[in-house]
1. Restricting to segment A:242-271, count the residues that are outside any helix (DSSP H, G or I), within 19 Å of the chain's Cα centre (by Cα) and among the hydrophobic types (A, V, I, L, M, F, W, C).
2. Being out of contact with any Lys or Arg (no Cβ under 7 Å at 6 or more places or on another chain) and surrounded by 14 or more Cβ atoms within 10 Å (Cβ to Cβ) narrows it down to one residue among B:Leu150, B:Leu158, B:Leu111; which is it?
3. Hey, any hits in segment B:108-120 for a residue that's within 17 Å of the chain's Cα centre (by Cα) and more than 13 Å from chain A (Cβ to nearest Cβ)?
4. Among all residue pairs at least 6 apart or on different chains, which show Cβ distances below 9 Å where the first residue, located in segment B:15-30, is within 14 Å of A:Ile417 (Cβ to Cβ) and the second is exposed (fewer than 14 other Cβ atoms within 10 Å of the Cβ) and of a type in the set (Val, Ile, Thr)?
5. Among the residues of segment A:283-301, which ones are touching a residue at least 40 places away in the same chain (Cβ under 8 Å) and over 25 Å from A:Lys250 (Cα atoms)?
6. B:Phe141 passes all but one of (1) under 18 Å from A:Leu424 (Cα atoms); (2) in contact (Cβ under 8 Å) with a residue 40 or more places away in the chain; (3) among the aromatic types (Phe, Trp, Tyr); which number fails?
7. Does B:Phe136 meet the test of being facing chain A (nearest Cβ under 10 Å), within 22 Å of B:Phe58 (Cα to Cα) and free of Cβ contacts under 8 Å to residues at least 60 places away in the same chain?
8. Within the bounds of segment B:124-131, is there any residue that is farther than 16 Å from B:Leu90 by Cβ and within 13 Å of chain A (Cβ to nearest Cβ)?
Amino acid sequence: MIPPERKPDQVVQLVWPGQRSGLVTLGATGKSGGAGEIFSIDGLPGFVAKVYHATTSPAHLARYRHKIQWMADHKPALPEVPAGCQDIVQLAWPEALILRRSRFVGFAMRKIAFDRTLELDYLLNRRQSAQEGFDADYGKLLTVSFNLASLINSLHEQRIAIVDLKPMNVKVYKAELYVSILDCDGFHIDTEEFRHEAPQVTPEYLAPEFQDRAVTHPEAQDDFALAAIIFRLLNYGIHPFTGVASDHHKYPLELAGRIKQGLYPYGKVAHKSVRQVPASVHEAFPDDLRQLFDRAFSSPGHSRPGAREWVEALSLYASKRSGQISPCEKGHLKFSDRPCPTCMRDALIQGAEVRRRSFVARVQAAPARTLKYVRRTLRQTHTSPFQAALAQAQLFTFRQLAPPPAITTRNAIALEILWISGMLILFWWAR
Amino acid sequence: MSPPAVAILWAALLLVAWRWRPPQAATLSAWVLLIAFGALGATALWFDFRGQPEPAGFDFWKPTVVYWTLAAVMWLVPPLGGGYPAKIILGNYFALSNREWRWINRGFALLCTLLGGVNLIAASQASYKDWEGFKFSCMVFLLTIVLFRLNFVWLPILAEVSIHFYRRATAAYRYLSRLFSS
């Protein structure tokens, strides 16, 4: 029975695999994306519906239907989760078609508990993640990285690629540290019986070989994006292609341009055209991870480490039993036998903060100091505030200088008359 | 203002400068700059105030002549032990070490050498409009020096002169007050 306050448009038919179907009512959630809008489903609290925008062309809808039908019938096998975490949704995978008056309009998928998760984007900023109730440390970040790599690896094994892999499309379970990937209807599928392209990309996570061209090897693209996300997770959100130009090289403003030119400054061999940003802690990463990053960002697509290699490398650090992660003197988790990245970062930030405070204090004191020196100038103990400031600054770095000979105001005016005359002559000649 | 009036005013100001000149002996670099600018100023007066026609192409050479004259003074005087001319141009009030003045002097000398050379190239190869543009953009160099001097030298002088006149005015007011009250 349909509640009377529901509009007829909100009543839709859900078609599950095996042609089992039923009428349900959708409820607005206010959440909307580029392709469609998200609705709750009355009677199915564990599911949500994605209904494509009304402006979607019939041709596109037909293609979506074909793809969603295949996806609903072929749910991929995912990495196993412990018995206590069975309600974790690792993929927002389409599970049923939604028809309105027998016309395909969208699909139903498992609902990701937003109160238990946060966007992976938040993990790139420690303060933001703390505000969201997630106290990020290297143990948790490595576990999240491992779980993400495992999920991508299992998809790749089933010839499914994400292509538009980016932190905004990934949710992280705060307590369990499992990840959930959104926008699955945009995945690239290339099985023997079904093939569907994924046209959507994000330039900041797009491999150099696919910048300005179609993604012909979607797994290689995922491997690049995965490496970029892991690098950012472990390096306080610093993108692997964020750097400082070190020579007269024309340094692109956009990350995409830097990726295209391979301007990766965090390699074990320094890049000659670009320097790392000072806040980076990549020196604290173990050699095997650094080699993987170097291969991911400095090598061509075919030698880039795949998700499986990341799983193997990260499994050592994600496991407490391996002993590869240990606490530092201050109790932060760090890679064993490596300097503590958290302490490194704190020192860098603290140094920058001390310099910033000192600079602000000097700027704030400048007017009073200038007035003081002007007063001294008038008493002829100094001739200018600049001179006094310079003399003061040189106390620690240069030898003491003999004070300039005292001159009276009349002498100074006489010199300035000559100086101005000289400037007028210079102007006449140079004009 | 007519040219004779300008010349008379200028001469008066130079006379004041002579009367109020500092007691310290001028350095060699100061003398060389005075002579160089005296010659350049005299030439300017000759052409401007006497109405003498300038030689053909002289306009194009003018900036080069002045920049290279300055460059020559700045390159040649320090090895002769005459101090650093840049110190006089920028203001010898600033307490910089000799090493710093040496590098500032070299920088100025290099800049003047380049500007003189580029002017010749621009005058011979660029369009008249572009050459004019280049010439006036070089004025930024002069403007920077003027602003620097204005900020750090003229401001204290102005403050002292203001205080001097304020004290004089106060004294005059007290004197007049006493005069009228008695």
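The values are calculated or read from the model by the stated rules, or taken from the named source; none is laboratory data. Worth saying up front: this structure is predicted, and the values here are computed from it rather than measured. For neighbour counting, all protein chains shown are included, and Cβ atoms are generated from backbone atoms with ideal geometry for every residue, glycine included.
1. 3
2. Result: B:Leu111 is the single residue among B:Leu150, B:Leu158, B:Leu111 that is out of contact with any Lys or Arg (no Cβ under 7 Å at 6 or more places or on another chain) and surrounded by 14 or more Cβ atoms within 10 Å (Cβ to Cβ).
3. So far as segment B:108-120 goes, yes, one or more of its residues are within 17 Å of the chain's Cα centre (by Cα) and more than 13 Å from chain A (Cβ to nearest Cβ).
4. Every condition considered, the pairs that remain are B:Trp20/A:Thr408; B:Pro22/A:Thr408.
5. A:Glu283, A:Ala284, A:Phe285, A:Pro286, A:Leu289, A:Leu292
6. In the conditions (1) under 18 Å from A:Leu424 (Cα atoms); (2) in contact (Cβ under 8 Å) with a residue 40 or more places away in the chain; (3) among the aromatic types (Phe, Trp, Tyr), B:Phe141 misses (2) alone.
7. Yes, satisfied.
8. yes
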